[in-house]
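J.: Sharing a structure, written as structure tokens. Questions coming.
The values are calculated or read from the model by the stated rules, or taken from the named source; none is laboratory data. Please read all numbers here as calculations on a predicted model, not as lab measurements. Note that we place each Cβ from the backbone using ideal geometry, even for glycine, and neighbour counts take in every protein chain shown. Ligands, DNA and RNA are excluded from the accessible area calculation, which covers all protein heavy atoms including side chains. Shrake-Rupley method; radii C 1.70, N 1.55, O 1.52, S 1.80 Å.
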Amino acid sequence: MIRRTMLFCAAALVFAGLAAGLSQATAPGKNGRIAFSRYELHDTPLTAHIVVANSDGSGQRTITHASRTYHDDHPDWSPDGSHIVFERQCSPNCSRHIWTMRPDGGELRRLSPRCPSGAFCPDDVFPAYSPDGRQIAFDSYRGPKTGGYGIMVAAANLRHAHRVASGYTPRWSPDGKQLVFVDKPRAVLSVYVSNSDGTGLRRITPLRLQVSDHPDWSPDGTNILFAAGPSDRWNLFTIRPDGTGLRQLTHFRGLTKLTVGSYSPDGKSIVFSTVVGAVNPPGATLNDVFVMTADGTDIRPVTRSRNWDGEADWGPRP
């Protein structure tokens, strides 16, 4: 019992950064499978794998099998459903790198450049395919002289990367002309929209809202999904790209630890994760993955796991 308590306390430190809310961009199309990250908590050290499942929770399959102490996070489907891009970290103190693979776990390939021994290694995180699949937007830290973490855009093989804005967790608009992301130039994390080259920057959420990371664009381009609220008490909201039409979708009370997922490719549903209604061992507060209709109704579970499940992205049917 003591060992289990210590394990969950250690896990809580890892998930504190995840509770801010995570999501991926969604390409318009027919609904396929959901990819998400599962943190294994039955043994130490902690390990995270990418899992795919049908939207009703059936057909769950773990598709990455990295060594223990590795964390595979933040999966994002390519627009044609043929690949999943994700980040891999060797331990909490290592740089993270972007990888790609097929949905069955085959053709695993590192996209981030190799780092010579003793040289500075960039930290590349939160990748997202562009709607045409030809580019990837991501966060990167490439040294103190670059001004900290910034939003990068690169070719789909991660070559020709260039910084377009400050901020975090970018996602593409359905037409590929704009990016949505979060930043906090005024010490308040807010949702911003810009052109894909970083021009035309504008804040779209009011400063009174404490938003989380990883907003997601609806497949028809009319709404942006995000989470807001006091820490660990998030709820889901939508807002139009021009900053009008703010609407609260969920009305959870108390501890939620909600993480944003994504819209379904047909735009009719949303996948996310939360501790509300999740399966948990005694004393644990770990998320399961859920889906709901796009208006916030008909919430139903995808996973019923005694691990932490989240960072979900709803992929298209190939």
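J.: Using each residue's phi in the range 224-236, evaluate 6.51 cos²θ - 1.76 cosθ + 1.60 at θ = phi - 60° and report the 3J(HN,Hα) Karplus result to the nearest Hz, with x for Gly and Pro.
T.: In residue order, the calculated couplings are 10, 8, 7, 10, 8, x, x, 3, 6, 10, 6, 9, 8 Hz.
J.: Rank Phe252, Phe226, Phe126 by mean-square fluctuation in a GNM of the chain with C-alpha springs under 10 angstrom and give only the top-ranked residue.
T.: Ranking Phe252, Phe226, Phe126 by mean-square fluctuation puts Phe252 first.
J.: Okay, moving on. With P(r) over Cα pairs in 10 Å bins from 0, in percent in mind, check [x] 5, 18, 23, 23, 18, 9, 3, 1, 0; [y] 6, 23, 23, 17, 13, 9, 6, 3, 1, 0; [z] 6, 30, 38, 22, 4, 0 and report the label derived from this structure.
T.: So the structure-derived entry is [z].
J.: Got a sec? Charge dipole of the chain, +1 on Cβ for Lys and Arg, -1 for Asp and Glu; which of Ala294, Leu246, Pro174 is way out at the positive end?
T.: Among Ala294, Leu246, Pro174, the one farthest towards the positive end of the dipole of the chain is Leu246.
J.: With every protein chain left in place, what is the accessible area of Ser166 in Å² (1.4 Å probe, nearest 10)?
T.: Accessible surface of Ser166 is approximately 60 Å².
J.: Considering only Cα-Cα distances, which of the following residue pairs are longer than 25 Å: Lys30/Lys184; Lys184/Lys268; Lys177/Lys268?
T.: Lys30/Lys184; Lys184/Lys268
J.: Taking the full set of protein chains and a 1.4 angstrom probe, give the accessible area of Ser82 in square angstrom, rounded to the nearest 10.
T.: Counting only protein heavy atoms, Ser82 exposes about 30 Å² to solvent.
J.: Dividing the alpha-carbon radius of gyration of the range 202-318 by 2.2 N^0.38 Å (N being the number of residues), what value is obtained?
T.: The value comes to 1.04.
J.: In deg cm²/dmol and to the nearest 500, what is the mean residue ellipticity at 222 nm of the chain if only DSSP H runs of at least 4 residues count, each as -39500 (n - 2.57), divided by the residue total?
T.: -1500 deg cm²/dmol
J.: Let me ask something additional. Among Arg109, Arg114, Arg171, Arg142, what's the order by accessible area (1.4 angstrom probe), most exposed first?
T.: Order by accessible area, largest first: Arg114, Arg109, Arg142, Arg171.
J.: Just report the Cα centroid separation between the range 197-229 and the range 263-281, whole Å.
T.: Centre-to-centre (Cα) distance: 19 Å.
J.: For the chain, what is the accessible area per residue in Å² when the probe is 1.4 Å?
T.: 42 Å²
J.: Ordering Arg203, Arg240 from largest to smallest accessible area (1.4 angstrom probe), what's the sequence?
T.: So the residues, ranked largest to smallest area, are Arg240, Arg203.
J.: Here's something else I'd like to know. To the nearest 20 debye, what charge dipole does the chain have about its Cα centre, counting +1 at the Cβ of each Lys and Arg and -1 at the Cβ of each Asp and Glu?
T.: Roughly 480 debye for the chain.
J.: Does a label point 7 Å from the Cα of Lys30, set along Cα-to-beta-carbon, have any residues of the range 235-270 with amide nitrogen under 15 Å, and which are they?
T.: So the set is 265-267.
J.: Please work out how much accessible surface Arg110 shows to a 1.4 Å probe, ignoring ligands, DNA and RNA, in Å² rounded to 10.
T.: My reading of the accessible area for Arg110 is about 50 Å².
J.: Continuing with this model, one more query. Would you mind checking the range 122-163 for residues with the amide N under 14 Å from a putative spin-label position 7 Å along Cα→C-beta of Arg110?
T.: Label zone hits: 122-124.
J.: Once phi is turned into ³J(HN,Hα) by the Karplus curve 6.51 cos²θ - 1.76 cosθ + 1.60 with θ = phi - 60°, what whole-Hz value does each residue of the range 156-162 show in order, with x for glycine and proline?
T.: 3J(HN,Hα) across the range 156-162, in whole Hz: 5, 8, 6, 8, 6, 6, 9.
J.: Between Val279 and Ala187, what is the label-to-label distance in nm when each label sits 7 Å out along the Cα-to-Cβ direction?
T.: 4.5 nm
J.: Also, I was wondering about something else. Could you tell me the calculated FRET efficiency between Lys177 and Arg102, based on Cβ-Cβ distance and R0 = 51 angstrom, to the nearest 0.05?
T.: Once the sixth-power term is evaluated, E becomes 0.95.
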